[in-house]
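K.L.:
Here it is, the structure, as structure tokens.
The values are calculated or read from the model by the stated rules, or taken from the named source; none is laboratory data. These numbers were taken from a predicted model, which means no experiment stands behind them. With ideal geometry, Cβ positions are generated from the backbone for all residues, glycine too; neighbour counts draw on all protein chains shown. These area figures cover heavy atoms from the full protein model, side chains too; ligands, DNA and RNA do not enter into them. Shrake-Rupley method; radii C 1.70, N 1.55, O 1.52, S 1.80 Å.
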Amino acid sequence: MADFLPLFPLSIVVYPGEKLNLHIFEPRYKELVQDCFRAGKPFGIPAFLKKGVSEIGTEVIISSIDKTYDSGEMDIRCKGGNLFRIMNFYRQLPTKLYAGGEVEPLTDIDDENPTTKALIKEKIQHLYEILGLATLYLNLPDNFKIYDIAHQLGLSLEQEYLLLQRRRESERQTIVLAHLIAILPVVEETERLKDQVKLNGHFKNLIPPNF
């Protein structure tokens, strides 16, 4: 049987376990946050893609309301929970300003491939070194999952949502590895051009070729 969930569509993808800070200012979502916080219940964030509400979303639990403004606007802290698929979407619930829907829970299969994971770590290290972000790699735990790193890889919103659609960790690994292999030469060339531009106008210490 489908569960019922208040829905807050946004142009973002939220992953399970992700910490999320939101500034709430629209009347309908101020009402949604107040209702869910008082009841201690989650709401759902489906990605808003291509001018429509996506089928798959993430439950979000409100950890705290950090600040409430005179206007009723709020700063809230949330955390991503379980994934769901929307079975029936209602743009506005009876007696409420916000949307909702009947949803079914989704279950992931943790079948990560150790070989693929090692390749992903190698590519991420290379990427972060090129970008001067080596500290990010050093802070990467050995037991990371694709959801943990997805927002740090330069993926488009559509690509981030594609990961959300895959139920197997091994499938998400394959997508991320292909992305890293594709973007690394582009990033390397971009950084090379930046260095070349920086050198323009400066004295160059060039080694003549042997001929």
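K.L.:
Mind giving me the nanometre distance, one decimal, between the label points for residue 31 and residue 70, set 7 Å out from Cα along Cα→Cβ?
P.N.:
2.5 nm
K.L.:
Which whole DSSP H helices in the chain pass both tests: a Cα extent of 30 Å or more along the axis and a mean Kyte-Doolittle value no lower than -1.0? Write out the running numbers ahead of the final one.
P.N.:
Working: long enough: 169-199 (44 Å, 0.04).
Helices passing the filter in the chain: 169-199.
K.L.:
What whole-number distance in Å separates the alpha-carbon centres of segment 1-54 and segment 105-165?
P.N.:
Centre-to-centre (Cα) distance: 24 Å.
K.L.:
In nanometres, what is the gap between the two model label sites at residue 107 and residue 144, each 7 Å from Cα along Cα-to-Cβ?
P.N.:
2.9 nm
K.L.:
Using a 1.4 Å probe, what is the accessible area per residue for the chain, in Å²? Walk me through the numbers before you get to the answer.
P.N.:
Working: 12900 Å² over 211 residues.
About 61 Å² of surface per residue is accessible.
K.L.:
Consider just the alpha-carbon atoms of the chain and return their Rg together with their Dmax, both in angstrom.
P.N.:
21.9, 84
K.L.:
Something else: For the pairs 41/79; 30/51; 51/145; 30/79, flag any whose C-alpha to C-alpha distance is greater than 24 Å. Don't skip to the end; give the middle numbers.
P.N.:
Working: 41/79 12 Å; 30/51 22 Å; 51/145 30 Å; 30/79 18 Å.
With Cα atoms farther than 24 Å apart: 51/145.
K.L.:
Continuing with the same structure: For the chain, what is the percent of antiparallel DSSP beta bridges, rounded to the nearest 5? Mind showing how you got there, number by number?
P.N.:
Working: 34 of 37 bridges.
Counting DSSP beta bridges with both partners in the chain, the antiparallel share is about 90 percent.
K.L.:
Okay, moving on. Most fluctuating residue of 180, 93, 127 in a GNM of the chain with Cα springs under 10 Å: which is it?
P.N.:
Of 180, 93, 127, the most mobile in the Gaussian network model is 93.
K.L.:
Which parts of segment 160-183 would a label at residue 119 reach, counting a residue when its backbone N lies under 17 Å from a point 7 Å out along Cα-to-Cβ?
P.N.:
Output list for this probe position: 169-183.
K.L.:
Which residue, 109, 175, 120, has the most motion in a Gaussian network model of the chain that connects Cα atoms within less than 10 Å?
P.N.:
Among 109, 175, 120, the largest GNM mean-square fluctuation belongs to 109.
K.L.:
How high is the relative contact order of the chain, in percent, counting Cα pairs under 8 Å that sit 6 or more residues apart?
P.N.:
After rounding, I find 21 percent.
K.L.:
Let me ask something else. Given the -39500 (n - 2.57) contribution per DSSP H run of 4+ residues, what per-residue ellipticity at 222 nm results for the chain, rounded to the nearest 500 deg cm²/dmol? Can you show the working numbers first?
P.N.:
Values: 6 runs with 80 residues, N = 211.
That calculation yields -12000 deg cm²/dmol at 222 nm.
K.L.:
Among the trypsin sites (Lys or Arg not before Pro) within segment 30-68, which fall in a DSSP loop and have no more than 13 other Cβ atoms within 10 Å of their own Cβ? Walk me through the numbers on the way to the answer.
P.N.:
Values: sites: 30, 38, 50, 51, 67; in loops: 50, 51.
Counting only loop positions with at most 13 other Cβ atoms within 10 Å, the trypsin sites (Lys or Arg not before Pro) in segment 30-68 are 50, 51.
K.L.:
At 10 °C and 1.306 mPa s, what whole-number value in µm²/s does Stokes-Einstein give for the translational diffusion of segment 1-57, with Rh from the Kirkwood sum over Cα pairs?
P.N.:
Diffusion coefficient, whole number: 128 µm²/s.
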